[in-house]
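Read the structure below first, then the notes.
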Amino acid sequence: MKIILTSVWFLKSKREGKVVKIKNVGLAILLIGAVLLIGNGIYNLFIGFLQNTNLSLLVRLGIYGVIFGTIIIIIGLVKERLKDKKDENF
């Protein structure tokens, strides 16, 4: 049975091609939905902090720093993981 690389996440064999394609479509829809929900939450968080005048400027800047730092760390970890996955030889 010959293995063909079709995407980053899945290997496809000639017998199971349709099942893998359905999984790829499902995964793509799941990821799009998750990104939309998380993006909406982050947007509403920023808008809430901008409109809240009870917090001092220092506290707001600190919260923004923590949020941006976390996002940068997550992006770096995902990039590193994708690079490591690309370099793996089985």
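The values are calculated or read from the model by the stated rules, or taken from the named source; none is laboratory data. Small disclaimer: the values here were computed from a predicted structure and weren't measured. Glycine gets a Cβ as well: all are built from the backbone with ideal geometry, and neighbour counts include every protein chain shown.
Structure values in brief
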{"quantity": "The listed residue being modelled with pLDDT under 85, over 16 Å from the mean Cα position of the chain (by Cα), in a helix (DSSP H, G or I) and assigned by TED's automatic domain parsing to the domain that holds T70, out of V20, V59", "calculated": "V59"}
{"quantity": "Residues that are surrounded by 10 or more Cβ atoms within 10 Å (Cβ to Cβ) and in a loop (DSSP other than H, G, I, E, B), drawn from segment 42-56", "calculated": "N52, L55"}
{"quantity": "Boolean, I63 is in contact (Cβ under 8 Å) with a residue 24 or more places away in the chain and touching a helix residue (DSSP H, G or I) at 6+ places or on another chain (Cβ under 8 Å)", "calculated": "no"}
{"quantity": "Long-range neighbours under 8 Å by Cβ, at least six apart or interchain, first residue assigned by TED's automatic domain parsing to the domain that holds I67 within segment 23-42, second assigned to a helix (DSSP H, G or I)", "calculated": "none"}
